[in-house]
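The values are calculated or read from the model by the stated rules, or taken from the named source; none is laboratory data. Note that the coordinates shown come from a computational prediction; the quantities given were computed from them, not determined experimentally. Here Cβ is always computed from backbone atoms with ideal geometry, including for glycine, and neighbour counts include all displayed protein chains. Just the protein is used for accessible areas: all its heavy atoms, side chains included, with ligands, DNA and RNA removed. Shrake-Rupley method; radii C 1.70, N 1.55, O 1.52, S 1.80 Å.
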Amino acid sequence: ILRCLVGSEMCIRDSFNMEDREFALIRMIPDLYNYIQWPEAWNYPFFFTVDYSRYSVILWKRKFNEPFVVSNPDFKITPLSPVSYLYEVTHKFTPSLIGEPRTSYVVSVIDKITDDVQLECVFNDIVQ
């Protein structure tokens with residue numbers, strides 16, 4: 001059974017080749033290079049410390065175009081079948097008069113997802 005081990009926001013410059021609300025499933029280090037160039041990847045040593053024989057990494061990008069006060073996201077992984085899972089991220093935020101638009105990258109380390117398993121990823125935004 002898949003379980004979310006860690007969900008943490010990383011301070012990452014906007015250097016990953018990803019669109020807003022895009023998820024990247026990184027099963028092995030070569031998967032990372034689909035989203036960032038080789039020399040720049042070394043700026044993020046976290047990705048090189050993961051034991052990819054036991055874990056996979058989900059990297060996702062979220063761009064906030066309006067100033068908001070954003071709570072830490074909630075993560076949920078739900079099995080849909082033996083070879084399919086739903087990964088949901090829920091952001092709760094409040095419009096603000098101060099602050100700036102920003103881009104967040106968030107990483108979740110989860111139990112290993114093998115090549116035969118499909119992962120569907122969904123964002124849920126809750127404005128309070």
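Tabulated data
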item	result
Selected residue (only one of Ile110, Ile77, Ile126 is touching a Ser or Thr at 6+ places or on another chain (Cβ under 6 Å) and β-branched (Val, Ile, Thr))	Ile110
Residues being modelled with pLDDT of 85 or more and in a strand (DSSP E or B) - total across the range 1-46	4
Check on Ile77, within 18 Å of Pro30 (Cα to Cα), in contact (Cβ under 8 Å) with a residue 24 or more places away in the chain and under 18 Å from the mean Cα position of the chain (by Cα)	no
Some residue of the range 68-83 being exposed (fewer than 11 other Cβ atoms within 10 Å of the Cβ), in a loop (DSSP other than H, G, I, E, B) and in contact with a Pro (Cβ under 8 Å, 6 or more places away or on another chain)	no
Matching residues, the range 115-128, being open to solvent by 60 Å² or more (accessible area, probe 1.4 Å) and either in contact with a strand residue (DSSP E or B) (Cβ under 8 Å, 6 or more places away or on another chain) or under 22 Å from Glu22 (Cβ atoms) (or both)	Asp115, Gln118, Glu120, Ile126, Val127, Gln128
Failed criterion for Asp51 (all others in (1) touching a helix residue (DSSP H, G or I) at 6+ places or on another chain (Cβ under 9 Å); (2) loosely packed, with under 11 Cβ neighbours inside 10 Å hold)	(1)
Breaking point among (1) open to solvent by 60 Å² or more (accessible area, probe 1.4 Å); (2) under 20 Å from Ala24 (Cβ atoms), for Leu97	(2)
Residues of the range 48-89 classified as of a type in the set (Phe, Trp, Tyr) and under 17 Å from Val106 (Cβ atoms), total	6
Criterion: open to solvent by less than 20 Å² (accessible area, probe 1.4 Å), of a type in the set (S, T, N, Q) and modelled with pLDDT under 90 - qualifying residue of Ser108, Ser56	Ser108
Complete set of residues in the range 93-128 that are charged (D, E, K, R), in a loop (DSSP other than H, G, I, E, B) and under 30 Å from Arg54 (Cβ atoms)	Lys112, Asp115, Asp116
